[in-house]
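The structure appears below as structure tokens.
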Amino acid sequence: MWIVLKANNKEQEFLRKSLIEKIGKNLKFYTPKYKTKIIRKNRFVESAQPLLKNYIFCYHELFNKKENLNLVKFTKGLDYVLEGYTSNQKQLEKFISYCKSFECDKGFIKPIFFKNFINNAGKFKTGPFKDLSFEVIKANKKSLRILIGNLMTTVSNQYSYIYRPI
């Protein structure tokens, strides 16, 4: 059964190791990540960013019983376990398989994943318009016609710009 953990930002690796020690090695973790380019010391550096910030998907057969969840709840590095995981197993599995269907060979989510969610507005995560918000004027399969402030432009889906919906 899958559960969703919210981890402290700086203690995610410690949390993973602690859970493996408590529960066993057949514990599965899934954290969807994407690659982005950031500027450090006046040059571009590739960086792996988590899609869901501090949330980690965790699977083990022991999680079928609520009593076994106490093994997890009081682990250092864990903020909390999201409630409702028992009734939302199909949605969790569907979301995880959806994310995995967009992964490349190295396990990172491809930029096309983000393009499926843009409806009215978005914010660039990479590229020359990084951290700028935009409004979608017209969307088709090959490009987006957008408005950034007073600037109207077209962004092709062929480029690997990453943007997310607002």
Check: Restricting to helices (runs of 4 or more DSSP H) lying wholly in the range 68-166: which have 3 or more residues that are closer than 30 Å to residue 19 by Cβ, under 20 Å from the mean Cα position of the chain (by Cα) and of a type in the set (Lys, Arg)?
Finding: 89-101
Item checked: One residue from 86, 126, 75 being touching a Phe, Trp or Tyr at 6+ places or on another chain (Cβ under 7 Å) and β-branched (Val, Ile, Thr) -> 126
Item checked: Failed item in (1) open to solvent by 90 Å² or more (accessible area, probe 1.4 Å); (2) part of a strand (DSSP E or B), with residue 14 passing the rest -> (2)
Next item on the list: Please name all residue pairs, on different chains or six or more residues apart, with Cβ atoms under 6 Å, provided the first residue is in the range 26-46 and is in contact (Cβ under 8 Å) with a residue 12 or more places away in the chain and part of a strand (DSSP E or B) and the second residue is among the acidic types (Asp, Glu) and surrounded by 10 or more Cβ atoms within 10 Å (Cβ to Cβ).
Entry: none
Check: Tell me, which residue of the range 34-67 that is among the polar types (S, T, N, Q) and either under 17 Å from the mean Cα position of the chain (by Cα) or closer than 22 Å to residue 8 by Cβ (or both) is modelled with the lowest pLDDT?
Finding: 36
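The values are calculated or read from the model by the stated rules, or taken from the named source; none is laboratory data. Since the structure is predicted, the reported quantities are computational estimates derived from the model, not experimental observations. Cβ sites come from the backbone with ideal geometry, for glycine too, and all protein chains shown count toward neighbours. The protein model used for the area step is the full one, side chains on, heavy atoms only, and it has no ligands, DNA or RNA in it. Shrake-Rupley method; radii C 1.70, N 1.55, O 1.52, S 1.80 Å.
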